[in-house]
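K.L.:
Quick one: structure below, then a few questions.
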Amino acid sequence: MDLFSAIDTEPVRQQMEQLAERIDQLNHEYYMNDRSLVSDQEFDALLRQLQDLEAQYPELASPLSPTKRVGGEVNKSFRQVEHRFPMLSLGNTYSMEEIEEFEARTRRLLDGEEFSYTCELKYDGVAIGLTYRHGQLVQAVTRGNGAVGDDITLNAKTIPTIPLRLRGDFPDDFEARGEVVFPYDAFEAFNRQREADGEEPFANPRNAASGSLKLQDSAECAKRKLMFCMYFMMAPDGTTTLPDTHYGRLEYARQLGFKVQPYIKECKDIAEIKAFIDHWDRARWELPFGTDGIVIKVNQTALWDRLGLTAKSPRWAIAYKFKAERVSTPLQSIDYQVGRTGKVTPVANLAPVHLGGTTVRRATLVNADFIASFDIHQGDHLFIEKGGEIIPKVVGVDIDRRPPASLPVQYIDRCPECGTPLVRPEGEAAHYCPNADGCHPQIIGRLEHFVSRKAMNIETLGPERLELLYRAGLVRDVADIYSLRREQLIGLGDEATIQDKGADNLLAAIEVSKEVPFERVLFALGMRYVGEVGAKKLARYFKDMDSLLAASEEELAQVEDVGEVTAKAVHDWLARPEHRRIVERLRAAGLQMSCRQTALGNQLDGLTFVVSGVFERFSRDEIKTHIEQHGGKVSGSISGKTSYLLAGEKMGPEKRKKAEKLGVSILTEQEYLNMVGQ
């Protein structure tokens, strides 16, 4: 940068710094102090202003800009990092007697020394360590195996309660440890969106938080609205002076800008520890996030070295785990729900019972095998648990309370919606209604899946409008959506739900959806076993709908991650005349029926590649697309027809052995780039 450009951009740099400081302040008040100083619209306007300036002057953008909170950077591999301080796990117990033994042993080892304990919540999430130098976040690492973890810095920056810059008088070099949790409200909203997109919901917030931290796209992580709860602070010996109690360190961390939960108490003896445990065993269900126990630590940090460590955990701390809450409640009846694929799921209607902070009235019975394994009878009392799960589950039968002469539950043999005899495919546990084109919940479910965000993304067609169109006889299958006319829509509904503007907006959204790429059109069709990733791989392998329609089961099974079961399901779906008619109507409506890929060359004509490992310049999907754009083919398995094995880091040893055995040449990423002239 020359002198003139430096002078020209100095006012801009100052403006960006002022904006960043203001946004950081607003974020801190909102996430740390639960105070909104401005409206959402004002905050968004400030953020957009900073984003625009950073786009215009990228050389002035700070790596710790608050715009990093929304993500957007892609991490193609998670680098392994050795922890400066081992992340030891705590010894766990479910027994109050063992807590008493821990307390007595601690007093014996300290031999009359004055000390106290801290009691705090044990967060049900994912442990990470954050390294700060000169007041700035430089690295975030997962616990991993305790000695080595994954570098998740890009994703950590998107979590609002992880400060990017510290406040006040901060240490020059230290590590903050804590737990990343998925708050209940955000988790439930996330699961609702997954279900709307035709995806399986996550079973619990902990698993969802863990998966979120390993997403390659930090923008996707930002959407999850995770929360970081700090519980530990440490620094290299001799580098800085921290408060000499654990309680004091957490209060100090709060002043630096960390989210430290207020649920921590200093306790002087076992009686106060017990009182804290008893309180939170009842009150934990009122919290906005998951907890699974209480952590008890010796408060005075100078005593930790005297108490020492075992091979796996410190002697100065222990975790008391809450027992999963279990209740017994009568089974009143069973509903059988039909999904868009025809899968039938039995759901128990229960006498309302309070469990885990909510009133439970329903719980899934999974399938016929589940009902048989517990030998569930009509009128049985069922044991229900929540534990760390959001969704209550049946864990047993209270046999002692079984009504006399009650009969075993008989699984239905006909669809509860359309009366069609159910089928149970060989090797599967679920029953299905085969009447895909005449069963109301299957039709509505397919329509909802087709218009969902990750499919055709027709936002103006929500469940209520789809039901309205179906009841009016205007939409019976997905192709009917593209035949809708304005005059059919206006005034539709009992109270003229759709008016002029609504009709125009709906038709405009339908028109825009015609530009959705081929891979998402395939996903939208809702073929059994074909998820978002599978649709992408089918589209990229066959390139267009005609090639896919002509493919045999054997050819379909050649696609990476498409096994025999999925290949048969896809082949059978495409072979049905009514489905082919829908495809042709969608084609005639203008939907994309081929991949829009621009050929970059023909250097790889006639060559077949197998791709394995992690690459520096490409993601695996990107390098496969790159091969195809240069005329090559990509296969999922090595055979005598394979031309090259393209090997990245962490390639599986079995693939290398098979390539060497078959005499298949192995290319590095750079050798591949040389081959295509880059």
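The values are calculated or read from the model by the stated rules, or taken from the named source; none is laboratory data. What you are looking at is a predicted structure, and each value in this text was computed from that prediction instead of being measured. A quick note on method: Cβ atoms are made from the backbone with ideal geometry, for glycine too, and the neighbour counts reach across all protein chains shown. Calculation scope for accessible area: heavy atoms of the full protein, side chains included, ligands and nucleic acids excluded. Shrake-Rupley method; radii C 1.70, N 1.55, O 1.52, S 1.80 Å.
K.L.:
Within region 534-544, does at least one residue satisfy the condition of being more than 27 Å from LYS343 (Cα to Cα) and surrounded by fewer than 16 Cβ atoms within 10 Å (Cβ to Cβ)?
P.N.:
Looking through region 534-544, at least one residue is more than 27 Å from LYS343 (Cα to Cα) and surrounded by fewer than 16 Cβ atoms within 10 Å (Cβ to Cβ).
K.L.:
For region 435-480, give me each residue that is of a type in the set (Ser, Thr, Tyr) and either assigned to a helix (DSSP H, G or I) or in contact with an Asp or Glu (Cβ under 6 Å, 6 or more places away or on another chain) (or both). Explain how you work it out, then say what you get.
P.N.:
Within region 435-480, the subset of a type in the set (Ser, Thr, Tyr) is 452, 460, 470.
Hits for region 435-480 are SER452, TYR470.
K.L.:
Would you mind stating whether GLY342 is modelled with pLDDT under 90 and surrounded by 20 or more Cβ atoms within 10 Å (Cβ to Cβ)?
P.N.:
no
K.L.:
Which one of the conditions (1) in contact (Cβ under 8 Å) with a residue 12 or more places away in the chain; (2) loosely packed, with under 14 Cβ neighbours inside 10 Å does ILE371 fail to meet, given that it meets all the rest?
P.N.:
Of (1) in contact (Cβ under 8 Å) with a residue 12 or more places away in the chain; (2) loosely packed, with under 14 Cβ neighbours inside 10 Å, only one is false for ILE371: (2).
K.L.:
Before we move on, is ASP269 under 21 Å from ARG69 (Cα atoms), touching a strand residue (DSSP E or B) at 6+ places or on another chain (Cβ under 9 Å), open to solvent by 10 Å² or more (accessible area, probe 1.4 Å) and at pLDDT below 95?
P.N.:
no
K.L.:
What are the residues in region 286-315 that are of a type outside the set (D, E, K, R), within 23 Å of PRO262 (Cβ to Cβ) and not in a strand (DSSP E or B), if any?
P.N.:
LEU287, PRO288, PHE289, GLY290, ASN299, THR301, listed by residue number.
K.L.:
Which one of the conditions (1) over 17 Å from TYR529 (Cα atoms); (2) open to solvent by 50 Å² or more (accessible area, probe 1.4 Å); (3) without any contact (Cβ under 8 Å) to a residue 40 or more places away in the chain does VAL397 fail to meet, given that it meets all the rest?
P.N.:
(2)
K.L.:
Suppose we keep only residues that are more than 22 Å from VAL295 (Cβ to Cβ) and of a type in the set (D, E, K, R) within region 163-186. Which one would you say is surrounded by the fewest Cβ atoms within 10 Å (Cβ to Cβ)?
P.N.:
Keep residues of region 163-186 that are more than 22 Å from VAL295 (Cβ to Cβ), which gives 163-173, 185-186.
If we keep only those that are of a type in the set (D, E, K, R) as well, we get 165, 167, 169, 172-173, 185.
On the way: ARG165: 18, ARG167: 15, ASP169: 9, ASP172: 11, ASP173: 15, ASP185: 11.
That would be ASP169.
K.L.:
Taking the condition surrounded by fewer than 19 Cβ atoms within 10 Å (Cβ to Cβ), closer than 27 Å to GLY248 by Cα and either out of contact with any helix residue (DSSP H, G or I) (no Cβ under 8 Å at 6 or more places or on another chain) or without any contact (Cβ under 8 Å) to a residue 12 or more places away in the chain (or both), does ASP151 pass?
P.N.:
Against the criterion (surrounded by fewer than 19 Cβ atoms within 10 Å (Cβ to Cβ), closer than 27 Å to GLY248 by Cα and either out of contact with any helix residue (DSSP H, G or I) (no Cβ under 8 Å at 6 or more places or on another chain) or without any contact (Cβ under 8 Å) to a residue 12 or more places away in the chain (or both)), ASP151 does not qualify.
K.L.:
Among the numbered conditions (1) in contact with a strand residue (DSSP E or B) (Cβ under 7 Å, 6 or more places away or on another chain); (2) outside any loop (DSSP other than H, G, I, E, B); (3) of a type in the set (A, V, I, L, M); (4) closer than 28 Å to LYS214 by Cα, tell me where LEU90 comes up short.
P.N.:
(2)
K.L.:
Sticking with this structure for a sec: Among the helices (runs of 4 or more DSSP H) contained in region 522-561, which hold 1 or more residues that are under 23 Å from the mean Cα position of the chain (by Cα)? First the steps, then the outcome.
P.N.:
Details: elements: 532-542, 545-550, 553-557.
Here the list reads 532-542.
K.L.:
Let me ask something else. In this structure, does GLN337 turn out to be within 22 Å of ALA203 (Cβ to Cβ) and either part of a helix (DSSP H, G or I) or open to solvent by 20 Å² or more (accessible area, probe 1.4 Å) (or both)?
P.N.:
Yes, satisfied.
K.L.:
Hey, could you check region 112-127 for residues that are among the acidic types (Asp, Glu) and more than 39 Å from the chain's Cα centre (by Cα) and say which is surrounded by the most Cβ atoms within 10 Å (Cβ to Cβ)?
P.N.:
GLU113
K.L.:
When you check GLN442 against the structure, is it more than 30 Å from LEU422 (Cα to Cα) and of a type in the set (S, T, N, Q), yes or no?
P.N.:
no
K.L.:
For region 453-480, give me the residue count where each residue is open to solvent by less than 10 Å² (accessible area, probe 1.4 Å) and polar (S, T, N, Q).
P.N.:
The number of residues fulfilling the criteria is 0.
K.L.:
Would you mind finding the one in LEU109, LEU90, LEU130 that is buried (at least 20 other Cβ atoms within 10 Å of the Cβ) and either of a type outside the set (D, E, K, R) or within 24 Å of GLU175 (Cβ to Cβ) (or both)?
P.N.:
Details: LEU109 fails: buried (at least 20 other Cβ atoms within 10 Å of the Cβ); LEU90 fails: buried (at least 20 other Cβ atoms within 10 Å of the Cβ).
Exactly one of LEU109, LEU90, LEU130 is buried (at least 20 other Cβ atoms within 10 Å of the Cβ) and either of a type outside the set (D, E, K, R) or within 24 Å of GLU175 (Cβ to Cβ) (or both), namely LEU130.
K.L.:
Do we find a residue being without any contact (Cβ under 8 Å) to a residue 40 or more places away in the chain, open to solvent by less than 60 Å² (accessible area, probe 1.4 Å) and either out of contact with any Leu (no Cβ under 9 Å at 6 or more places or on another chain) or acidic (Asp, Glu) (or both) anywhere in region 549-557? Write out each step before concluding.
P.N.:
Taking region 549-557 first, the residues without any contact (Cβ under 8 Å) to a residue 40 or more places away in the chain are 549-557.
Still in the running and open to solvent by less than 60 Å² (accessible area, probe 1.4 Å): 549, 551-552, 556-557.
This time we only want the ones that are either out of contact with any Leu (no Cβ under 9 Å at 6 or more places or on another chain) or acidic (Asp, Glu) (or both), so: 552, 557.
Yes, region 549-557 has at least one match.
K.L.:
Would you pick out the residues in region 481-510 that are open to solvent by less than 30 Å² (accessible area, probe 1.4 Å) and part of a helix (DSSP H, G or I)?
P.N.:
Matches in region 481-510: ILE481, LEU489, GLY502, ALA503, LEU506, ALA509, ILE510.
K.L.:
Something else about it: Would it be correct to say that ASP237 is among the charged types (D, E, K, R), free of Cβ contacts under 8 Å to residues at least 60 places away in the same chain and in contact with a helix residue (DSSP H, G or I) (Cβ under 8 Å, 6 or more places away or on another chain)?
P.N.:
No, not satisfied.
K.L.:
Select from region 187-226 the residues that are more than 9 Å from the chain's Cα centre (by Cα), aliphatic (A, V, I, L, M) and open to solvent by 30 Å² or more (accessible area, probe 1.4 Å) and write down the one among them that is farthest from ALA127 (Cα to Cα).
P.N.:
Filtering region 187-226 for residues that are more than 9 Å from the chain's Cα centre (by Cα), aliphatic (A, V, I, L, M) and open to solvent by 30 Å² or more (accessible area, probe 1.4 Å), the one farthest from ALA127 (Cα to Cα) comes out as ALA196.
K.L.:
Another question, then. Filter region 519-529 down to the residues that are open to solvent by less than 60 Å² (accessible area, probe 1.4 Å) and either more than 17 Å from VAL451 (Cβ to Cβ) or not hydrophobic (A, V, I, L, M, F, W, C) (or both) and list them by number.
P.N.:
Within region 519-529, GLU519, GLY526 meet the criteria.
K.L.:
Please verify whether VAL614 is more than 21 Å from LYS543 (Cα to Cα), surrounded by 13 or more Cβ atoms within 10 Å (Cβ to Cβ), under 30 Å from the mean Cα position of the chain (by Cα) and in contact (Cβ under 8 Å) with a residue 40 or more places away in the chain, treating the condition exactly as stated.
P.N.:
Yes: the conditions hold for VAL614.
Results for (1) in contact with a helix residue (DSSP H, G or I) (Cβ under 9 Å, 6 or more places away or on another chain); (2) outside any helix (DSSP H, G or I); (3) open to solvent by less than 20 Å² (accessible area, probe 1.4 Å), shown as yes or no for each residue.
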position: LYS568; (1), (2), (3): yes, no, no
position: HIS579; (1), (2), (3): yes, no, yes
position: ALA588; (1), (2), (3): yes, no, no
position: GLY601; (1), (2), (3): yes, yes, no
position: PHE609; (1), (2), (3): yes, yes, yes
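K.L.:
If SER406 passes every condition in (1) within 26 Å of TYR184 (Cβ to Cβ); (2) among the hydroxyl-bearing types (Ser, Thr, Tyr); (3) open to solvent by less than 40 Å² (accessible area, probe 1.4 Å) but one, which one does it miss?
P.N.:
The single condition SER406 does not satisfy is (1).
K.L.:
Okay, next question. Would you say ALA429 is crowded, with 19+ Cβ neighbours inside 10 Å and outside any strand (DSSP E or B)?
P.N.:
no
K.L.:
Answer with yes or no whether GLY648 is open to solvent by less than 30 Å² (accessible area, probe 1.4 Å), closer than 11 Å to PHE609 by Cβ and touching a strand residue (DSSP E or B) at 6+ places or on another chain (Cβ under 9 Å).
P.N.:
Taking the combined requirement at face value, the residue does not satisfy it.
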